[in-house]
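Notes follow the structure.
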Amino acid sequence: MLLKDKVIFVTGAGQGMGRGIAQAVAEAGAQVVVSDLRLETVQETAQLVEASGQHTLPLIADVLDAQEMSSAIQQAVAAFGRLDGWVNNAGVVKMDSALDMSEEDWAFQFEVNTQGLFVCCQLAAKQMIAQGTGGAIVNIASNAGKVGYRNMAAYNASKAAVINLTRSLSLEWAEHNINVNAVCPGGVDTPMLLGVAEWLTRRIGGDPHELVKTMKPHQMNRHVQPIEVGRVVAFLLSEQATIIRGQAINVDGGDTPY
Ligand SMILES: NC(=O)c1ccc[n+]([C@@H]2O[C@H](COP(=O)([O-])OP(=O)(O)OC[C@H]3O[C@@H](n4cnc5c(N)ncnc54)[C@H](O)[C@@H]3O)[C@@H](O)[C@H]2O)c1
């Protein structure tokens with residue numbers, strides 16, 4: 001129970017990795033605020049959290065809308081009294097070759113993956129500072145922020161920016177007792193990964209469900225599961241991880257050696 005009675009906010013929690021993170025932090029004893037763009041999906045996640053015996057609050061909140069995120073924080077604090085941890089999980093990928101990628105797609109990925117994430121970090125940190133309690137923030141980057149993947153130049157760059165932003169925030173907010181880390185998943189079994197396989201098979205042919213089966217860590221004969229990423233996130237949110245600061249921890253089954 002690393003997070004017993006802590007209040008943790010997870011963005012993009014309506015499916016995929018965010019849902020696994022919500023389940024893992026609940027498993028670690030936290031009360032979980034789950035937010036996403038659609039209420040039905042966060043309500044489903046909330047049911048899974050409740051099934052593990054923890055309190056939860058499902059909210060609609062777009063990370064591109066600072067006012068909506070600010071109001072979501074107020075609702076979380078009204079419900080649970082404070083905010084101890086924040087997970088920036090909401091993210092998007094728009095596949096295209098570097099030669100063909102539009103400025104709109106480039107900008108959209110940076111807006112959600114980097115700028116939206118930064119604004120959420122600011123809002124969460126301000127709440128933690130106002131409480132005087134400190135806290136922890138985990139940013140979901142990607143091993144794509146460390147290595148290059150084809151047809152994902154903007155996504156790769158946006159995640160590299162998250163890794164460096166994490167270092168800066170860790171430095172600046174240490175004095176407020178806020179610990180900021182990133183995790184770098186590899187291919188995780190989520191709708192996003194299937195979407196990547198669908199884009200590729202539209203170009204090269206084949207069945208996306210078959211292709212996605214090949215997108216697993218070389219050292220493991222299976223995909224990384226969202227809850228496995230979530231358990232690492234839960235540890236980084238806990239007081240046990242206070243000594244780990246400003247890092248970008250690979251959660252990719254050993255694929256990335258640095
Ligand atoms: N799946 C992978 O292989 C993988 C690997 C490395 C990193 N990641 C990262 O993990 C995170 C989660 O990915 P996933 O695979 O679960 O993706 P997903 O597409 O399955 O889920 C992403 C969730 O984020 C939400 N979201 C998108 N834009 C939002 C916005 N503006 N405001 C609020 N919510 C928004 C979506 O509605 C969705 O529920 C992302 O940041 C992604 O870049 C994924």
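Table for the structure above
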read-out: Which listed residue, of Asp65, Asp84, is within 18 Å of the chain's Cα centre (by Cα) and either of a type in the set (Phe, Trp, Tyr) or farther than 16 Å from Val233 by Cβ (or both); value: Asp65
read-out: Only one of Gln122, Gln115, Gln127 that is assigned by TED's automatic domain parsing to the domain that holds Gln74, in a helix (DSSP H, G or I) and within 14 Å of the ligand (Cβ to nearest atom); value: Gln115
read-out: One residue from Gly132, Gly85 being surrounded by 17 or more Cβ atoms within 10 Å (Cβ to Cβ) and in the same structural domain as Gly18 (by TED's automatic domain parsing); value: Gly85
read-out: Test: residue in segment 190-198 that is more than 10 Å from the ligand (Cβ to nearest atom), of a type outside the set (Lys, Arg) and out of contact with any Phe, Trp or Tyr (no Cβ under 9 Å at 6 or more places or on another chain); value: yes
read-out: Residue that is nearest to Arg231 (Cα to Cα) [pool: residues in segment 22-52 that are among the β-branched types (Val, Ile, Thr) and surrounded by 24 or more Cβ atoms within 10 Å (Cβ to Cβ)]; value: Val25
read-out: Boolean, Arg19 is among the basic types (Lys, Arg), at pLDDT 95 or above and crowded, with 17+ Cβ neighbours inside 10 Å; value: yes
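The values are calculated or read from the model by the stated rules, or taken from the named source; none is laboratory data. Since the structure is predicted, the reported quantities are computational estimates derived from the model, not experimental observations. Reconstructed Cβ throughout: ideal geometry from the backbone, glycine too, with neighbour counts over all protein chains shown.
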